[in-house]
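Chemist: Let me begin by handing over the structure; questions about it come next.
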Amino acid sequence: MGYKQYILVCGGTACESNQGIALFNALKSAVISNGLVNDVQVVRTGCLGFCEKGPIVKILPQDTFYVEVKPEDAETIVKEHIVKGRVVSRLLYDKKQSQINVGIEGIDFYQKQFRIVLRNCGVIDPDKIDEYIARDGYKALEKVLFTMKPQEVVDEVSKSGLRGRGGAGFPTGKKWSFAAAQPAGQKYMVCNADEGDPGAYMDRSTLEGDPHSVLEAMTIAGYAIGADKGFIYIRAEYPLAIQRLETAIAQSREYGLLGKDILGSGFSFEIEIRLGAGAFVCGEETALLASIEGKRGMPKPRPPFPAVKGLWGCPTVINNVETLANIPVILTKGGLWFSKIGTATSKGTKVFALTGKINNSGLIEVPMGTTLREIIFDIGGGIRNGKAFKAAQTGGPSGGMIPPQFLDTPIDYENLGKIGSIMGSGGLIVMDEDDCIPNIAKFYLDFTVDESCGKCAPCRIGGRKLLDYLKKICNGDGTNADIENMQEISEAMARASLCGLGQTASNPVKSSLRYFMDEYKEHIDEKKCRAGKCKNLLRYTIDAAKCVGCTACARVCPANAIAGERKQPHVIDKTKCIKCGQCFEVCKFHAVNRA
Amino acid sequence: MAKLTLNDLRKLRDEKQKTMAKRDPSHKDAQIIVGMGTCGIAAGAKETFNAIIDELDAKGITHVLVRQTGCMGLCHSEPTVEVIAPNMPVVIYGNVDAETGRQIVHAHIIGKTLVDNHICDKPAMDIVR
Ligand SMILES: Cc1cc2nc3c(=O)[nH]c(=O)nc-3n(C[C@H](O)[C@H](O)[C@H](O)COP(=O)(O)O)c2cc1C
Ligand code: SF4
Ligand code: SF4
Ligand code: FES
């Protein structure tokens with residue numbers, strides 16, 4: 001018993017509907033006719049994420065990945081690949097189609113993902129420090145403590161080109177060098193694990209899956225800048241991540257990888273966890289520091305920057321979880337290695353939490369410079385139910401909506417800025433034709449207005465005003481003057497707000513006005529919502545020519561707004577209709593119109 | 001465990017690397033690894049984990065180690081389970097409820113055949129190590 005090879009055939013919806021079943025059967029018969037039933041198993045898989053190039057066939061254990069395979073190819077695959085061991089090159093995925101710059105030689109893969117931050121997530125048991133150590137964990141710390149001077153550590157990080165993954169993209173090496181340059185004395189290292197962007201969970205997953213990578217990085221940073229104390233600021237809603245961090249900290253202390261005289265090097269470092277109440281603004285660095293100090297989490301004007309005057313007035317470096325998770329790898333593999341991955345200005349990889357109208361939602365890590373198209377269609381498996389892509393939002397409530405014309409733009413800090421969005425922390429929400437743009441902008445403004453701390457007027461008042469205009473437009477009461485006002489307010493907020501929350505809160509509005517003006521215009525001039533999301537703008541009517549009088553709509557209507565005899569065309573009473581849309585859903589004859 | 005010196009740490013790493021490479025902690029030659037991040041647990045990973053352990057017990061199988069790990073990134077297919085068995089390719093199964101977990105024990109571990117309709121692609125090559 002035991003097969004020698006396995007032919008995996010994608011059984012995901014996209015591949016199956018593209019002759020996938022015929023292909024599966026053809027492969028099975030080819031295996032039988034070639035007398036290989038005892039040597040080869042043909043198996044169906046779930047979606048392999050490459051739906052655009054389906055149907056997909058993968059051969060194990062060789063890991064050969066064939067794309068756009070037709071039933072006629074089955075015989076060739078079995079005769080050539082299985083029997084003779086010769087790869088069928090015409091069916092291979094053509095790597096040249098991908099423009100990703102991974103810059104590292106000797107790596108040959110069809111996959112678009114490239115895991116540095118998530119290197120141990122899903123591989124090790126996060127509760128076992130030994131497994132982290134076996135995967136070269138604490139090797140960077142070893143190297144740093146025993147072979148490098150603090151300045152050399154800072155230089156190596158600078159050389160890597162790593163930039164902050166918490167939103168602003170500030171060069172990490174530079175930030176460290178500011179704090180390192182401050183006179184010796186009490187300094188602090190803080191990890192920002194607040195992750196307030198709705199739809200983002202990269203940092204949570206990293207901490208849950210690989211907590212030691214962050215502890216190791218913080219200790220290295222402490223050594224580099226001359227800090228002996230670190231804080232991890234994490235929201236209380238992340239109980240599992242907190243629990244795993246606590247376990248990890250206890251284990252590191254036991255091993256002497258945290259605490260006094262680490263590994264006998266003479267360097268001491270301690271880490272404490274501080275819980276946040278989950279306010280979005282507490283993720284902003286100055287508000288976060290205030291919160292750790294036990295004060296109300298409100299932003300302060302900068303300068304002074306935390307690297308000069310931070311926690312309790314001492315030099316403090318604040319880094320995001322993902323930024324930190326890169327550090328051990330940069331130090332073991334070298335800054336140069338890291339700097340070869342990505343684009344000219346943005347090095348390394350980025351983790352995204354892919355959600356929304358996408359087939360394969362999940363956590364992905366791709367080299368900087370990967371395009372939205374590759375992320376959405378080659379990794380994410382495309383848009384759900386074969387609908388059309390409308391926009392993608394990066395950066396959560398601080399980001400902008402990216403329209404289809406930029407699907408092929410390589411993603412990095414600069415390019416996203418140019419097209420009116422931001423990298424943000426890594427939430428990536430995909431919208432399809434059924435999403436209403438003004439409505440989504442309203443959702444984000446609703447969030448930021450709620451989360452504004454109220455300290456400064458541009459954010460507090462401007463945000464509220466923008467939200468009011470958006471509500472008005474979605475209700476069908478918008479005017480063209482509203483659009484102009486929104487544009488002005490957006491600019492003012494971006495310029496005059498005190499912190500990043502207010503400065504970026506208008507991005508969803510600005511970007512959507514820039515790329516989706518036609519949808520705003522439709523709402524205002526034609527009182528029409530093409531996505532059918534703005535209730536007030538909808539009219540339900542029944543097409544008498546199509547209605548067969550099945551009574552399904554009348555039975556489902558909660559407002560008793562539909563009248564009509566059996567087998568006679570039905571009619572909706574506009575005055576009674578509450579626009580719930582149930583008749584539209586239930587009619588099998590597409591006789592109910594929504595406009 | 002007492003505090004480590006540099007040499008202790010290196011020795012520990014070497015030892016652990018060997019056992020992990022052999023994939024043979026305490027005479028077990030196969031592993032079933034269940035993704036237990038927040039998304040996995042929300043999707044029922046704990047039930048799956050328990051079902052697998054119970055089924056292995058019921059069948060008197062002692063050579064399989066059941067482990068937990070963090071999120072593999074395949075949130076659309078949680079719970080996810082990775083199976084490493086001798087002379088078989090390493091595979092990740094998605095949407096593994098308790099029943100599928102038991103099926104993995106029967107088909108994959110005992111029967112040495114892959115379970116239909118649940119295989120997912122490994123998200124990426126292991127480049128950093
Ligand atoms: C409103 C607001 C919320 C923020 N939330 C977070 C957050 O949740 N996590 C984070 O790492 N950075 C957040 N930031 C960015 C931080 O202020 C800071 O730039 C970052 O933690 C620095 O780390 P980095 O250089 O490693 O990116 C937020 C900024 C603003 C203005
Ligand atoms: S911009 Fe908004 S959140 Fe930031 S300080 Fe001003 S009111 Fe508070
Ligand atoms: S939309 Fe709802 S309330 Fe209006 S007619 Fe249809 S079922 Fe009745
Ligand atoms: S359905 Fe086959 S790759 Fe997605």
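Chemist: Among the candidates A:246, A:293, A:270, A:284, single out the residue that is away from chain B (no Cβ under 12 Å), touching a Cys at 6+ places or on another chain (Cβ under 8 Å) and of a type in the set (D, E, K, R).
Modeler: Numbers: A:246 fails: touching a Cys at 6+ places or on another chain (Cβ under 8 Å); A:293 fails: touching a Cys at 6+ places or on another chain (Cβ under 8 Å); A:270 fails: touching a Cys at 6+ places or on another chain (Cβ under 8 Å).
Checking each option against the conditions leaves just A:284.
Chemist: Output the number of residues of segment B:60-92 satisfying the condition of being more than 8 Å from chain A (Cβ to nearest Cβ) and either on the phi > 0 side of the Ramachandran plot or out of contact with any Cys (no Cβ under 8 Å at 6 or more places or on another chain) (or both).
Modeler: Of the residues in that region, 14 qualify.
Chemist: Still on this structure, please answer the following. Within segment A:176-184, is even one residue more than 11 Å from chain B (Cβ to nearest Cβ), touching an Asp or Glu at 6+ places or on another chain (Cβ under 6 Å), in a loop (DSSP other than H, G, I, E, B) and modelled with pLDDT of 95 or more?
Modeler: Step one: list which residues in segment A:176-184 are more than 11 Å from chain B (Cβ to nearest Cβ), which gives A:176-184.
After this cut, where a residue has to be touching an Asp or Glu at 6+ places or on another chain (Cβ under 6 Å) as well, the list is none.
Scanning segment A:176-184, I find no residue that is more than 11 Å from chain B (Cβ to nearest Cβ), touching an Asp or Glu at 6+ places or on another chain (Cβ under 6 Å), in a loop (DSSP other than H, G, I, E, B) and modelled with pLDDT of 95 or more, so the answer is no.
Chemist: Something else: Please determine, by comparing only the residues of segment A:547-595 that are in contact with a His (Cβ under 6 Å, 6 or more places away or on another chain) and more than 11 Å from ligand 3 (Cβ to nearest atom), which one is farthest from residue A:532 (Cα to Cα).
Modeler: Out of the qualifying residues, it is A:564.
Chemist: Another one. Does residue A:179 satisfy being among the aliphatic types (A, V, I, L, M) and within 30 Å of residue A:397 (Cβ to Cβ)? Outline the logic, then answer.
Modeler: On the way: among the aliphatic types (A, V, I, L, M): yes; within 30 Å of residue A:397 (Cβ to Cβ): yes.
Criteria met by residue A:179.
Chemist: Could you go through segment A:158-166 and let me know if any residue there is without any contact (Cβ under 8 Å) to a residue 40 or more places away in the chain, assigned by TED's automatic domain parsing to the domain that holds residue A:197 and over 18 Å from residue A:334 (Cα atoms). Lay out the reasoning, then the answer.
Modeler: If we filter segment A:158-166 for residues that are without any contact (Cβ under 8 Å) to a residue 40 or more places away in the chain, which is where we start, we get none.
Scanning segment A:158-166 turns up no residue that is without any contact (Cβ under 8 Å) to a residue 40 or more places away in the chain, assigned by TED's automatic domain parsing to the domain that holds residue A:197 and over 18 Å from residue A:334 (Cα atoms).
Chemist: Which of the residues that make up segment A:498-523 are within 16 Å of ligand 1 (Cβ to nearest atom) and either at pLDDT below 95 or assigned to a helix (DSSP H, G or I) (or both)?
Modeler: Kept after step one, since they are within 16 Å of ligand 1 (Cβ to nearest atom), are these residues of segment A:498-523: A:498-508.
Passing the criteria: A:498, A:499, A:500, A:501, A:502, A:503, A:504, A:507, A:508.
Chemist: Determine which member of the set A:563, A:591, A:545, A:554 is surrounded by fewer than 15 Cβ atoms within 10 Å (Cβ to Cβ), of a type in the set (A, V, I, L, M, F, W, C), over 30 Å from residue A:490 (Cβ atoms) and in contact with a strand residue (DSSP E or B) (Cβ under 8 Å, 6 or more places away or on another chain). Explain how you work it out, then say what you get.
Modeler: Numbers: A:591 fails: surrounded by fewer than 15 Cβ atoms within 10 Å (Cβ to Cβ); A:545 fails: in contact with a strand residue (DSSP E or B) (Cβ under 8 Å, 6 or more places away or on another chain); A:554 fails: surrounded by fewer than 15 Cβ atoms within 10 Å (Cβ to Cβ).
Every option except A:563 fails the conditions.
Chemist: Among the listed residues B:66, B:83, which satisfies the condition of being under 20 Å from residue A:123 (Cβ atoms), among the aliphatic types (A, V, I, L, M), surrounded by fewer than 19 Cβ atoms within 10 Å (Cβ to Cβ) and in contact with a strand residue (DSSP E or B) (Cβ under 8 Å, 6 or more places away or on another chain)? Give the steps one after another, and end with the answer.
Modeler: Working: B:83 fails: surrounded by fewer than 19 Cβ atoms within 10 Å (Cβ to Cβ).
Sole residue among the options that is under 20 Å from residue A:123 (Cβ atoms), among the aliphatic types (A, V, I, L, M), surrounded by fewer than 19 Cβ atoms within 10 Å (Cβ to Cβ) and in contact with a strand residue (DSSP E or B) (Cβ under 8 Å, 6 or more places away or on another chain): B:66.
Chemist: Could you check residue B:37 against (1) closer than 20 Å to residue A:210 by Cα; (2) more than 7 Å from chain A (Cβ to nearest Cβ) and say which number it fails?
Modeler: Only one criterion in (1) closer than 20 Å to residue A:210 by Cα; (2) more than 7 Å from chain A (Cβ to nearest Cβ) is unmet by residue B:37, namely (2).
Chemist: Which residue, of A:463, A:478, is small (Gly, Ala, Ser), within 16 Å of ligand 2 (Cβ to nearest atom) and more than 14 Å from chain B (Cβ to nearest Cβ)?
Modeler: Working: A:478 fails: within 16 Å of ligand 2 (Cβ to nearest atom).
Every option except A:463 fails the conditions.
Quick grid of which residues meet (1) among the hydrophobic types (A, V, I, L, M, F, W, C); (2) within 20 Å of residue A:480 (Cα to Cα):
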{"residue": "A:512", "(1), (2)": "no, yes"}
{"residue": "A:539", "(1), (2)": "no, no"}
{"residue": "A:545", "(1), (2)": "yes, no"}
{"residue": "A:583", "(1), (2)": "yes, no"}
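Chemist: Looking at segment A:109-148, which of its residues are aliphatic (A, V, I, L, M), closer than 18 Å to residue A:202 by Cα and facing another protein chain (nearest Cβ under 7 Å)?
Modeler: Applying the first criterion (aliphatic (A, V, I, L, M)) to segment A:109-148 yields A:116-118, A:123-124, A:129, A:133-134, A:140-141, A:144-145, A:148.
Filter again for closer than 18 Å to residue A:202 by Cα, leaving A:116-118, A:123-124.
Of everything in segment A:109-148, those that are aliphatic (A, V, I, L, M), closer than 18 Å to residue A:202 by Cα and facing another protein chain (nearest Cβ under 7 Å) turn out to be A:116, A:118, A:123, A:124.
Chemist: Still on this structure: Looking at A:327, A:318, which one is outside any helix (DSSP H, G or I) and within 12 Å of ligand 1 (Cβ to nearest atom)? Step through it out loud before you land on a result.
Modeler: Working: A:327 fails: outside any helix (DSSP H, G or I).
Being outside any helix (DSSP H, G or I) and within 12 Å of ligand 1 (Cβ to nearest atom) holds for just one of A:327, A:318, which is A:318.
Chemist: Could you tell me whether residue A:17 is at pLDDT 80 or above and over 12 Å from residue A:78 (Cα atoms)? Working first, answer last.
Modeler: Working: at pLDDT 80 or above: yes; over 12 Å from residue A:78 (Cα atoms): yes.
When the stated conditions are applied, residue A:17 passes them.
Chemist: Look at residue A:429 and say whether it is away from ligand 4 (no atom under 16 Å from the Cβ), touching a residue at least 60 places away in the same chain (Cβ under 8 Å) and not in a helix (DSSP H, G or I).
Modeler: Yes; evaluated as a whole, the condition is true for this residue.
Chemist: Looking at (1) within 22 Å of the chain's Cα centre (by Cα); (2) within 16 Å of ligand 2 (Cβ to nearest atom), can you tell me which one residue A:329 breaks?
Modeler: (2)
Chemist: What's the total number of residues in segment A:126-140 that are farther than 20 Å from residue A:246 by Cα, part of a helix (DSSP H, G or I) and either of a type in the set (A, V, I, L, M) or under 27 Å from the mean Cα position of the chain (by Cα) (or both)?
Modeler: To start, the set of residues in segment A:126-140 that are farther than 20 Å from residue A:246 by Cα comprises A:134-136, A:139-140.
The next check asks that each one be part of a helix (DSSP H, G or I); those that pass are A:134, A:139-140.
Those left that are additionally either of a type in the set (A, V, I, L, M) or under 27 Å from the mean Cα position of the chain (by Cα) (or both): A:134, A:140.
Matching residues across segment A:126-140 total 2.
Chemist: Can you find a residue in segment A:333-345 that is touching a helix residue (DSSP H, G or I) at 6+ places or on another chain (Cβ under 7 Å), within 16 Å of ligand 4 (Cβ to nearest atom) and outside the structural domain of residue A:511 (by TED's automatic domain parsing)?
Modeler: No, there is no match, as no residue in segment A:333-345 is touching a helix residue (DSSP H, G or I) at 6+ places or on another chain (Cβ under 7 Å), within 16 Å of ligand 4 (Cβ to nearest atom) and outside the structural domain of residue A:511 (by TED's automatic domain parsing).
Chemist: Step by step: first the residues of segment A:552-595, then only those that are without any contact (Cβ under 8 Å) to a residue 24 or more places away in the chain and on the phi > 0 side of the Ramachandran plot, then the one that is nearest to ligand 1 (Cβ to nearest atom). Which residue is that?
Modeler: A:560
Chemist: Another question, then. Looking only at segment A:195-218, count every residue that is away from every other protein chain (no Cβ under 13 Å), touching a helix residue (DSSP H, G or I) at 6+ places or on another chain (Cβ under 6 Å) and either modelled with pLDDT of 95 or more or within 29 Å of residue A:149 (Cβ to Cβ) (or both) and tell me the total.
Modeler: First pass over segment A:195-218, keeping only residues away from every other protein chain (no Cβ under 13 Å): A:196-198, A:215, A:217-218.
Pick out the ones that are also touching a helix residue (DSSP H, G or I) at 6+ places or on another chain (Cβ under 6 Å) and you get A:196-197, A:215, A:217.
From the residues that got through so far, the ones that are either modelled with pLDDT of 95 or more or within 29 Å of residue A:149 (Cβ to Cβ) (or both) too are A:215, A:217.
Going through segment A:195-218 one residue at a time, the tally reaches 2.
Condition check ((1) assigned to a strand (DSSP E or B); (2) in contact (Cβ under 8 Å) with a residue 12 or more places away in the chain; (3) out of contact with any Phe, Trp or Tyr (no Cβ under 7 Å at 6 or more places or on another chain); (4) among the small types (Gly, Ala, Ser)) across all residues:
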residue: A:234; (1), (2), (3), (4): yes, yes, yes, no
residue: A:244; (1), (2), (3), (4): no, yes, yes, no
residue: A:252; (1), (2), (3), (4): no, yes, yes, yes
residue: A:263; (1), (2), (3), (4): no, yes, yes, no
residue: A:266; (1), (2), (3), (4): no, no, yes, yes
residue: A:270; (1), (2), (3), (4): yes, yes, yes, no
residue: A:274; (1), (2), (3), (4): yes, yes, no, no
residue: A:278; (1), (2), (3), (4): no, yes, yes, yes
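Chemist: Right, another one. Between B:4, B:56, which is over 27 Å from residue A:352 (Cα atoms) and touching a Leu at 6+ places or on another chain (Cβ under 7 Å)? Steps first, answer last, please.
Modeler: Details: B:56 fails: touching a Leu at 6+ places or on another chain (Cβ under 7 Å).
Unique residue meeting the criteria: B:4.
Chemist: Does segment A:270-285 contain at least one residue that is under 20 Å from residue B:38 (Cα atoms), of a type in the set (A, V, I, L, M), in the same structural domain as residue A:200 (by TED's automatic domain parsing) and within 16 Å of ligand 2 (Cβ to nearest atom)?
Modeler: The answer is yes, given that some residue of segment A:270-285 is under 20 Å from residue B:38 (Cα atoms), of a type in the set (A, V, I, L, M), in the same structural domain as residue A:200 (by TED's automatic domain parsing) and within 16 Å of ligand 2 (Cβ to nearest atom).
Chemist: Examine segment A:497-516 for a residue that is free of Cβ contacts under 8 Å to residues at least 60 places away in the same chain, within 30 Å of residue A:572 (Cα to Cα) and away from ligand 2 (no atom under 16 Å from the Cβ), and state whether such a residue exists.
Modeler: No, that holds for no residue.
Chemist: Would you check which residues across segment B:84-102 are under 19 Å from residue A:10 (Cβ atoms) and not polar (S, T, N, Q) and list them? Show your work before the answer.
Modeler: Filtering segment B:84-102 for residues under 19 Å from residue A:10 (Cβ atoms) gives B:89-96, B:100.
B:89, B:90, B:91, B:92, B:93, B:94, B:96, listed by residue number.
The values are calculated or read from the model by the stated rules, or taken from the named source; none is laboratory data. The structure presented is a predicted model; accordingly, all values stated were derived computationally and were not measured. Backbone-built Cβ (ideal geometry, glycine too); neighbour counts: all protein chains shown.
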